[in-house]
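The values are calculated or read from the model by the stated rules, or taken from the named source; none is laboratory data. None of these values were measured; they are calculated from a predicted model. Because the Cβ atoms are built from the backbone with ideal geometry, glycine has one as well, and the counts that use them run over all protein chains shown. Note: accessible area is taken over every heavy atom of the protein model, side chains too, but ligands, DNA and RNA are not part of it. Shrake-Rupley method; radii C 1.70, N 1.55, O 1.52, S 1.80 Å.
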Amino acid sequence: MKLAPLFALPLLMGAAMVHAADPANRFDAELKGRFEAREKDWRNGAIVYQVLPDRFAPAANLEAKRHLYPAPKVLRSWDETPKRGTYVESAKLWSHEIEFWGGDLQSLRAKLDHVQGLGADVLYLNPIHLAYTNHKYDAFDYNAVSPEFGTRDDVKALAKDVHERGMKLVLDGVFNHMGRNSPKFKDAEANPKSPWRDWFYFGPQYPGGARSWWLAENLPEINLENPAVRDHVYAGKDSVVRGYLRDGVDGWRLDVAVDIGFEHLHGLTRAAHAEKPGSLVVGEIANYPKEWFPAVDGVMNFTLRAVLLRLVEQKIEPQHAARMIDRMVRESGIEPMLKSWLMLDNHDEQRIATRVPDEAQRRLAQVLQFTLPGAPNVYYGSELGMTGGGDPEMRAPMRWDWVRDDNPTLRWTKQLIQLRKQHRALRVGDFRLVESNRLFAFERHTDRAADTVVVVMNPTSQTVRETVLVANAKLMNNWMLVDQLGGGPKQMIVTGLLDLELPPGAFRVYVPELSPGGGYSAYKRVQ
């Protein structure tokens, strides 16, 4: 009896799969419940959308707020581009740090449709506490919100709005240093008997008389060895960390967390979890991440970012990059990797459209951002194709006039986000390399064959023809894999091998075709 080739039949889930006996094997039994537990934890594989409150949405009542920007502060119009200024010796900061565009929390709330429409799971705000500069990394008072942005009641209202849309809210905590103009520091500086004197480090060995972060005199470091400081920041019942969590905030991103150190980070994370179980603490830690867990739940994964950018820019070989990433995941552990943020750009880095001007290379980087283990961090405006070089150019106001259905970068970003949401393994799956030589290839997998995602790309300048090994025992012989993103044809897997030909800059995101139709599936008796 001659059968029609299976690949000629329409794609259809086979009814035979529904009636199969228990398809789990002993390896599946060892993994039972692991991936379901990961799915219940919002921190794993979340899509994070980052916003600078001053630059995201123009205020509706800007004239009524103008008095909040007294000289030497400057209020710019929304269509102006930030430019590097001059150093203001009297204030110990740069003039571009006190130029404002007038965004606030109320205007942000009015634009949540855009954030939700992208498919974001988490809204992350750069600092909002009372401070002098536009970026607010020089805190006066952690408990107060800068009036240019709003009030604590506005934070509560924003958290409520975000939660009603099925998202979470994360704030930026700057707990390594405060601002030189903060009342606590000024009193401590002027009075050796000040109650705040032991909150800082004073001495003639320090430029400006006080120890400051990276010798930036506007940013005096706080003394976390002082129990009163720790109680104020995180340890006490009414601490800053706990108080905002009670207001409805869901987690903290910690500025320069590496400077806070293992012990204090661990204490802060424990305090956050005690106040709100399941809350997130993610640290700005550019070091290799291996030993920073469980001091924090996750890191901003600068190591992974650096490897993937060098890969797509052809500065390191595919297999060199593969070994680096595989080692990092194995040594750090998949659980904290899933909670770690993977960004291509942010408020401190060139926007990705500027850093990687070649579109093919940039798309490779973005595919990796959304398929490697972690929580992709989308910096406001980069989903539109905004450009921007070094500080402060990457902090330009949001281009709302670019939010259009015909914006190809916006369409591409939404496609990547939807790919991730549709495939469980990309959100919570384990990571395993595909055995290759000149291609960069890996697999995201769970205990279910249907969840498998195989990512293959050619970051080189030449066409690559190569046979690779996908070491997944459940991928059925002589069965097809279907590309979900790269536009490639179906690819048959034969005895675990894929014979591939990829032109320069090409990528494939394969998933198994469970049934080509006709009521039959080779996957009918595997989980």
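Here are the numbers:
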quantity	calculated
For segment 181-230, convex hull volume per residue from C-alpha positions, Å³	76
Overall Cα dimensions of segment 450-504 - principal axes, largest extent first, Å	33, 21, 15
Computed P(r) (all Cα pairs; segment 309-422; 5 Å bins; percent)	2, 11, 19, 22, 21, 15, 7, 3, 1
Nearest 10 degrees, 0 to 90: helix 257-275 Cα axis against the chain principal axis	80
Whole-Å distance, taken between Cα centres, linking segment 79-131 and segment 365-427	18
Degrees between helix 152-164 axis and first principal axis of the chain (Cα, 0 to 90, nearest 10)	10
Compactness of segment 227-286 as Cα Rg over 2.2 N^0.38 Å, two decimals	1.02
Pairwise label distance in nanometres, residue 472 with residue 216, each label 7 Å out on the Cα-Cβ vector	4.4
Ordering of 373-380, 355-362 by packing [mean C-beta count within 10 Å, highest first]	373-380, 355-362
Listed residue (428, 262, 316) projecting farthest to the positive dipole end of the chain, Cβ model	428
The chain - percent of accessible surface contributed by carbon and sulfur, probe 1.4 Å	53
Hydrodynamic radius (Kirkwood) for the chain, which is based on Cα pairs only, to one decimal in Å	24.9
P(r), alpha carbons of segment 163-252 - 5 Å bins starting at zero, rounded %	3, 14, 20, 21, 15, 12, 7, 5, 2, 1, 0
GluC sites (Glu not before Pro) restricted to segment 25-89 and DSSP loop, no more than 16 other C-beta within 10 Å	80, 89
Other-chain or far-sequence residues with amide H under 5 Å of residue 435's (modelled H)	469, 471
Surface accessible to a 1.4 Å probe, per residue, for the residues of the chain, Å²	41
Normalised alpha carbon radius of gyration of segment 84-222 [divisor 2.2 N^0.38 Å]	1.22
Listed residue pairs exceeding 28 Å between alpha carbons, taken from 184/339; 160/290; 32/474; 193/276; 290/315	184/339; 160/290; 193/276
Two-site label geometry, residue 160 and residue 88: point separation in nm, points 7 Å out along Cα→Cβ	3.6
Relative contact order (percent, whole number), segment 210-342, Cα cutoff 8 Å, 6+ residue spacing	18
Per-residue ³J(HN,Hα) for segment 426-438, Karplus 6.51 cos²θ - 1.76 cosθ + 1.60, θ = phi - 60°, Hz, x for Gly and Pro	5, 8, 10, x, 6, 10, 8, 5, 8, 6, 9, 10, 9
By average C-beta atoms within 10 angstrom, highest first, the peptides 94-105, 397-408, 516-527	94-105, 516-527, 397-408
Inter-site label distance for residue 197 and residue 75 at 7 Å from Cα along Cβ, in nm	4.2
Length-normalised contact order of the chain in % [C-alpha pairs under 8 Å, at least 6 apart]	17
Part-to-part distance (alpha-carbon centres) for segment 281-303 and segment 213-257, which is given in Å	17
Gain upon complete extension [residue 31, residue 435; 0.36 nm per residue less C-alpha separation]	143.1 nm
Beta bridges per DSSP with both ends in the chain, % antiparallel, nearest 5	55
For segment 405-527, alpha-carbon Rg over 2.2 N^0.38 Å	1.08
In degrees, nearest ten, helix 359-371 long axis to first principal axis of the chain (Cα)	90
Most to least packed among 41-49, 415-423, 204-212 [average Cβ atoms within 10 Å]	41-49, 415-423, 204-212
Whole-angstrom gap from segment 134-151 to segment 324-352, using each part's C-alpha centre	29
